[in-house]
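Here's the structure, in structure tokens; my notes come after.
The values are calculated or read from the model by the stated rules, or taken from the named source; none is laboratory data. Owing to the predicted nature of the structure, the values given are computational and were not obtained by experimental measurement. Don't worry about glycine lacking a Cβ; one is built from the backbone with ideal geometry, like all the others, and counts go over all protein chains shown.
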């Protein structure tokens, strides 16, 4: 890692992602102390708190959570370069901890609102906190155990991690990229403040004449939706919008105006269909990745356990697992039988999450949680709804943390950052995220009420809705099973069925601005390709800007008692 290292032997050079000339211009740590300092952890923790709160708001509102890696990398680089005497390895460690909060927020947003959708008025905040903390802890230990296998032995590409490395390589934070990010954060913030705080602009524009005929067409003034559409591009965004057209311009109007079904019945069908597509598409991704994994992975556990270092981690993982199995029942998170299933499940789903993220850049964390829940429900009778939701949360958070840190470890592998320092930063970021996530949930519930979560509500939370119907019952079984089968087939054929399901489920007022973002991406990429990277940064700014401003406004209302 020092200055005397042969440039030609640098990992990034050998993988063709940097030239020797570029390596000479990059600043690397010369000693281990320069990689992880007190300021690094403070920045990681503070960034994680910010990303936890904003990502929780985004995930609840949009039902989607793009990877925050590039956003975090730019912010980390800007702060550390301003402080001076930094290097790319320290920046890598700082943004590793930052992004942990976003994925932990996803684990909460994708599961906990299921309780409120099922009519629960008492939220088990202590149990949520305990479950989240131990999920972060065991996820980090599993990562230490399987990191070399996934990144060095299997050589999974981790596209998000590679993109993060390329962002760090440019070192352009003091110039246009950083200012682009800040500008679009501020633009989104102003729009959201005018919309939600001052009421100067409407949240939605709905075509009333069409709505009278159950054609639910409209457009929302949602910067985050436009940002998501731009980031994911036209392929995924087009699939998303096809789902919206199928639901709101075909199925619902025909069902109500031609076939005579009520609007409630039509909505129950489309929501069940959308959730089925999400689950079926997620299962397809898992099947394809598992097949590929089994082809490439031979005697994996022999490889994992070869080194004495890994054997030490394996012993620590075993001890930690036993302690967690005892802690979960002690704090009434779940009974001991479910705790055993949770630990065994997290071992399997963590490998799945690492593989899926490495191959596709997708981590279907809530789907992995639902699969473990269905397994538990098949062998254990009488699981309470609260225990069921907390089980899915535990698996989802662990899977999210694993996928997140492997993206950062891929960037770290190319930068030759010490692995344990990155994982320690992820642990700190995850623990901070657990506390901040819980406080943010409490604040949002206090401001908006328990009734604000669910289909056609302020927080649509489709993943949590999927969890709720797995527990309490599916509104339309035909729609759900059709969605699962279609999603499975389309997913195996390479069609992004999960995105299609999101479009079927989410209101049209969210899908339209997201489509605008996807179309803008096509225009920029074709007409002005040199600005493509800046466009993605601008999209990240729109996404982060609305999330941050939404949390700030909620905090203002919370303090004011509104």
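Quick notes
- Within region 497-530, considering residues that are in contact with a helix residue (DSSP H, G or I) (Cβ under 6 Å, 6 or more places away or on another chain) and without any contact (Cβ under 8 Å) to a residue 12 or more places away in the chain, the one surrounded by the most Cβ atoms within 10 Å (Cβ to Cβ): 524
- Test: residue in region 215-230 that is buried (at least 16 other Cβ atoms within 10 Å of the Cβ), more than 21 Å from the chain's Cα centre (by Cα), assigned by TED's automatic domain parsing to the domain that holds residue 64 and farther than 30 Å from residue 486 by Cβ: yes
- Hey, residue 135 buried (at least 23 other Cβ atoms within 10 Å of the Cβ), under 23 Å from the mean Cα position of the chain (by Cα), assigned to a helix (DSSP H, G or I) and in contact (Cβ under 8 Å) with a residue 60 or more places away in the chain or not: yes
- Residue identified as within 28 Å of residue 509 (Cβ to Cβ) and modelled with pLDDT of 95 or more among 437, 433, 454: 437
- Residue count for region 252-273, restricted to those that are closer than 18 Å to residue 460 by Cβ and free of Cβ contacts under 8 Å to residues at least 24 places away in the same chain: 1
- Condition met for residue 269 (part of a helix (DSSP H, G or I), more than 22 Å from residue 485 (Cβ to Cβ) and touching a helix residue (DSSP H, G or I) at 6+ places or on another chain (Cβ under 6 Å)): no
- Comparison of 12, 29 shows that the only residue that is at pLDDT 85 or above and closer than 16 Å to residue 91 by Cβ is 29.
- Some residue of region 248-268 being at pLDDT below 85 and surrounded by fewer than 22 Cβ atoms within 10 Å (Cβ to Cβ): no
- Screening 181, 156, 168 for residues that are surrounded by 22 or more Cβ atoms within 10 Å (Cβ to Cβ), in contact with a helix residue (DSSP H, G or I) (Cβ under 9 Å, 6 or more places away or on another chain) and assigned to a loop (DSSP other than H, G, I, E, B) leaves exactly one candidate, 156.
- Which listed residue is touching a helix residue (DSSP H, G or I) at 6+ places or on another chain (Cβ under 9 Å) and either surrounded by fewer than 24 Cβ atoms within 10 Å (Cβ to Cβ) or at pLDDT 95 or above (or both), from 388, 411, 378: 388
- Qualifying positions in region 67-122 - within 20 Å of residue 410 (Cβ to Cβ) and not in a helix (DSSP H, G or I): 67, 68, 87
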